[in-house]
Amino acid sequence: MHTNGKAIIETERIPILLWLEEDQVEEGALQQARNLANLPFAFKHIAIMPDTHQGFGMPIGAILATKGVIIPNAVGVDIGCGMCSLRTNLTDIDTDDLKSIMGIIRETVPVGFNHHKSQQSEDWMPKRKGILPIVNQEYDSALYQIGTLGGGNHFIEIQKGSDGYIWIMIHSGSRNIGFTVANHYNDVAKALNKAAGEDISTELAYIPETSKYFELYKNEMDYCLEFALANRKLMMERVKTAFRETLPEVEFSHFINKPHNFAAEEEHFGETVMVHRKGATRARKGEWGMIPGSQGTGSFLVKGKGEALSFESCAHGAGRIMSRTQARKELDLEEEVKALDELGVLHSIRGRSDLDEAPGSYKDIDEVMRNQKDLVEVQIELQPLAVVKG
């Protein structure tokens, strides 16, 4: 069935609105969406974005609004994961300069499981407010991790914009501090639900607002959101340094930041609800955002249209069509490398183990963008020039 041009599933307690066709969603993600729709505290409807794929407990690319509860797994383990962009005043950059810049970035920004060898300045860390037991426990370790990229689909990318300028985009999250907070409060939620005789088999254990842990989780989640932003800002400073060392006259402007794993209290359909966005970006009317493709396709700087049906949200990227394991097994290494080389991208595909981040493991970003024309308006299209992957 369709409504307002959207596919809709009406077999569950509340509707599921899809910004793609039902047969384009893997069964695992669909079942997770059904689980969300049957939660007794889920509000109005579930919104599924065009980049959706199966996650843990809740699909990536989903928006869930709740009344009276917060769900740690509906935020995810990388709290505050998101992207930032920065414009340079450069209109062109040659390959030798790009290679120089990327070399400096690789020396100054640890990737994967690597951390800094010494603690970074505490000035970069968000100020701690209120009771933050897990943050306090992890704080000293986080001083080694701030300004590090992490792994998976995290990246630093230098891009050429349709506005004529060279841009920088970074995708990263809250590192181990967010992971530890997420797992701790998911365990708390499971214990609370078990004590209350609740069924928690859907991996969607929740914390009721009547529990002291509700505010505790919110406070620690909010800190992780701030830490994730600080992490991206410090990496951006290191990237700016790499540019300045190579091209001393460069200037920077137009900083944009957007998280896509968080929960926030918002007004929707006349009620105050807790909106969980997992792999989804807020897109209020006129609000700037970023929607990246893969390292072989375009990314987009957009402005939100404030669509009520999506809880003022949009996709956060292209979305996977293959699991990481599947991509490493099934994609052709030579073909993926050849395609990137032909595009002239300084990419990160070196061997079969890197194929989980090859363009062939992702959905068609152009189709994703077509499916959400009612959610965002494209302002600038960005083409990749050089990529550092986690």
Spatial extent of the stretch 41-115: Rg and Dmax, with the Cα atoms as the point set, Å: 19.5, 56
Greater than 30 Å apart at Cα, pairs in Lys305/Lys363; Lys194/Lys278; Lys190/Lys373; Lys99/Lys338; Lys212/Lys303: Lys190/Lys373; Lys212/Lys303
Nonlocal amide H pairs with Lys160, under 5 Å, H built at 1.01 Å: Trp167, Gln383, Leu385
Kirkwood estimate for the stretch 224-380, i.e. one over the average of 1/r between Cα atoms, Å: 17.8 Å
Listed peptides 108-117, 161-170, 78-87 by packing density, highest first (mean Cβ within 10 Å): 78-87, 161-170, 108-117
Extension gain, Lys240 back to Thr91 (0.36 nm per residue minus Cα-Cα distance, nm): 52.1 nm
Relative compactness, the stretch 89-230, computed as alpha-carbon Rg over 2.2 N^0.38 Å: 1.35
Computed [θ] at 222 nm, deg cm²/dmol, the chain (DSSP H ≥ 4; -39,500 (n - 2.57); rounded to nearest 500): -10000 deg cm²/dmol
Farthest positive-ward along the chain dipole, Cα basis, beta-carbon charges - from Pro259, Gly351, Ile207: Ile207
Given charges at beta-carbon only (K, R positive; D, E negative), |dipole| of the stretch 211-274 in Debye: 360 debye
Burial ordering of Asp94, Asp354, fewest other beta-carbon atoms within 10 Å first: Asp94, Asp354
Using distinct alpha-carbon pairs, which all enter the 1/r mean, Kirkwood radius of the stretch 28-163 in Å: 18.8 Å
Neighbour-count ranking [beta-carbon atoms within 10 angstrom, fewest first] of Val378, Val181, Val388: Val378, Val388, Val181
Relative contact order of the stretch 52-151, pairs being alpha-carbon contacts under 8 Å that are 6 or more residues apart, as %: 25 percent
Difference of contour (0.36 nm per residue) and Cα-Cα distance, Leu247 to Trp124: 41.7 nm
The stretch 149-284: Rg to Rh, with Rh as the Kirkwood radius over Cα pairs: 1.08
Relative contact order of the chain, defined on C-alpha pairs under 8 angstrom at six or more residues apart (%): 22 percent
Dipole-positive endmost among Ala195, Pro248, Ala62 within the chain (Cβ charges, Cα centre): Ala195
Helix 133-145 axis, angle to the chain major axis (alpha carbon atoms, nearest 10°): 10 degrees
For the stretch 265-327: rounded, prolate or oblate by the Cα gyration tensor [a/c cutoff 1.5]: oblate
Rounded tilt (10° steps) of 175-195 against the dominant C-alpha axis of the chain: 10 degrees
Rounded tilt (10° steps) of 27-37 against the dominant C-alpha axis of the chain: 50 degrees
Cα centroid of the stretch 1-65 to Cα centroid of the stretch 162-240, whole Å: 22 Å
Choice from Asn371, Asn89, Asn257 with maximal GNM fluctuation in the chain (Cα, 10 Å cutoff): Asn89
Net dipole in debye of the chain [+1 Lys, Arg Cβ; -1 Asp, Glu Cβ; about Cα centre; nearest 20]: 880 debye
Inter-site label distance for Ser201 and Asp332 at 7 Å from Cα along Cβ, in nm: 4.4 nm
At 0.692 mPa s and 37 °C, Stokes D of the stretch 126-170 from Kirkwood alpha-carbon radius, µm² per second: 239 µm²/s
Which of Ser310, Ser323, Ser348 has the fewest Cβ neighbours within 10 Å, and the rest in rising order: Ser323, Ser348, Ser310
The stretch 265-326 - charge dipole about Cα centre, Lys and Arg +1 at Cβ, Asp and Glu -1, debye rounded to 20: 400 debye
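None of the figures in this text is laboratory data; all of them are computed from the coordinates on show. Keep in mind that what you see is a predicted model, and the values were worked out from it rather than measured. Note that we place each Cβ from the backbone using ideal geometry, even for glycine, and neighbour counts take in every protein chain shown.
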